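Data block below; observations after.
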Amino acid sequence: MLENDLIIRAARGEKTKKIPVWLMRQAGRVLPEYRTTRSKAKDFIEFVKTPELCAEATIQPVDIFKVDAAIIFSDILVIPESMGLPYSMIESKGPVFPKFIQTEKDISQLHIANQNDYFYVTDAIRLTKKYLNNRVPLIGFSGAPWTLFAYMTEGKGSKTFNNAKKWLYTNPNLSHQLLQKITSSIINYLKDQVQAGANIIQLFDSWAGVLNRELYQEFCIPYLKQICTSITEVPVIIFAKDGHFALKDINKLPCSVIGLDWTIEPEYAISIVNNKTLQGNADPCLLYADDKVIEQQTKKMLEKFSSVPYIANLGHGLYPDIDKEKVKLFVEVIHNYKL
């Protein structure tokens, strides 16, 4: 039995006495403690594949920020690697795939990921659950199919992902083949995360915003629906960054929570979304402001969401140079807010 189940109850649409809060990238470089943990591995890939270190990084923000959930420390590119596309993480450049998808043959050589491919993640979840000792829920996650497709066909990070989008326009059938393989892998992955102890799941569609509504409807929504339909034991959050154009379509999916980035006005989201919990959506850059501004703007956000089931969060992840004391203040303001 969880000591603090605020987020689970809010995700199910229940009224809670306090507004629950967690933060994207709460386990990361904003914490000096994280940097110490990170230094124990020779590189990022080794870090992600070492359950003990992942568990340590996952729990740090629960202890330091007093957030209402932990999120397993991992990486969205676990799935491409598990399917047969290893990657490197280049400092200040991001992920790079020595081999990426360029032909139909490349797609045929991928396999559907299973427990044997990503066992280190489920091991980290079990270890983290043991150390958490039921204090707060543990969030598992995956990149969404389109976002993983984008990296797998681009071969690296990009501001436009024009090569990935080129696939959608010039090879729609092959694109659907690849998206289906990715989706089947994600379903296995998330089911295994839940089996290992994840209490809630978030899908990160980080590159939703490079598409338009028509493309999102064809190449994203059907695959998100498959995942939501397959993961029924725990609540599912969908966070489509810059995907304001897809809000009506995401609302129709059988997910429990819709994450909002800071570009979406709460009033607009509330007018569209029904029978789901909303999550978000403070601009991470707010946390560069002085304490008074942080307090005022955070309360303003909470007030705007006060009429609906709600989980407080940022509209994207914490930036590495944000002062951890500002993060603590943000969380405290939310916890002290009177409903």
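Key figures for this structure:
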item	result
Matching residues, segment 131-162, being in contact (Cβ under 8 Å) with a residue 24 or more places away in the chain and basic (Lys, Arg)	135, 156
Boolean, residue 128 is buried (at least 18 other Cβ atoms within 10 Å of the Cβ), outside any loop (DSSP other than H, G, I, E, B) and touching a Ser or Thr at 6+ places or on another chain (Cβ under 6 Å)	yes
Within segment 112-122, tally of residues that are outside any loop (DSSP other than H, G, I, E, B), surrounded by fewer than 19 Cβ atoms within 10 Å (Cβ to Cβ) and either in contact (Cβ under 8 Å) with a residue 60 or more places away in the chain or over 24 Å from the mean Cα position of the chain (by Cα) (or both)	1
Failed item in (1) buried (at least 23 other Cβ atoms within 10 Å of the Cβ); (2) more than 19 Å from residue 277 (Cα to Cα), with residue 209 passing the rest	(1)
Selected residue (criterion: farthest from residue 123 (Cα to Cα)) from residues of segment 26-43 that are buried (at least 16 other Cβ atoms within 10 Å of the Cβ) and hydrophobic (A, V, I, L, M, F, W, C)	30
Output for segment 66-95, where each listed residue is farther than 18 Å from residue 192 by Cα and part of a strand (DSSP E or B)	88, 89, 90, 94, 95
Residue under evaluation residue 65, criteria (1) more than 18 Å from the chain's Cα centre (by Cα); (2) farther than 16 Å from residue 334 by Cα, criterion not met	(2)
Residues located in segment 11-48, provided they are small (Gly, Ala, Ser) and over 18 Å from the mean Cα position of the chain (by Cα)	13, 39, 41
Qualifying position, being farther than 24 Å from residue 228 by Cα and without any contact (Cβ under 8 Å) to a residue 12 or more places away in the chain, among 292, 299, 304	292
Residue in segment 53-65 that is buried (at least 18 other Cβ atoms within 10 Å of the Cβ), of a type in the set (A, V, I, L, M, F, W, C) and assigned to a loop (DSSP other than H, G, I, E, B) present	no
Residue list for segment 131-151, filter: outside any helix (DSSP H, G or I) and either surrounded by 21 or more Cβ atoms within 10 Å (Cβ to Cβ) or within 18 Å of the chain's Cα centre (by Cα) (or both)	136, 137, 138, 139, 140, 141, 142, 143, 144
Condition met for residue 199 (over 22 Å from residue 107 (Cβ atoms) and of a type in the set (S, T, N, Q))	yes
Of all residues in segment 243-293 being of a type in the set (D, E, K, R) and buried (at least 19 other Cβ atoms within 10 Å of the Cβ), the one that is farthest from residue 21 (Cα to Cα)	276
Given (1) part of a loop (DSSP other than H, G, I, E, B); (2) touching a Ser or Thr at 6+ places or on another chain (Cβ under 9 Å); (3) in contact (Cβ under 8 Å) with a residue 60 or more places away in the chain, index of the condition residue 312 fails	(1)
When residues of segment 201-232 are limited to those that are under 15 Å from the mean Cα position of the chain (by Cα) and of a type in the set (A, V, I, L, M), the one farthest from residue 254 (Cα to Cα)	208
Segment 1-52: number of residues that are in a loop (DSSP other than H, G, I, E, B), within 28 Å of residue 330 (Cα to Cα) and of a type outside the set (D, E, K, R)	16
Qualifying residue in segment 96-111 (condition: of a type in the set (Asp, Glu), assigned to a loop (DSSP other than H, G, I, E, B) and modelled with pLDDT of 95 or more)	no
First in segment 268-281 and on the phi < 0 side of the Ramachandran plot and hydroxyl-bearing (Ser, Thr, Tyr), second anywhere and surrounded by fewer than 22 Cβ atoms within 10 Å (Cβ to Cβ) and in a loop (DSSP other than H, G, I, E, B), Cβ under 6 Å, 6 or more apart	277/13; 277/309
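The values are calculated or read from the model by the stated rules, or taken from the named source; none is laboratory data. What you see is a predicted model, and the numbers here were worked out from it, not measured in a lab. So basically every Cβ, Gly included, is an ideal-geometry build from the backbone, and we count neighbours across all protein chains shown.
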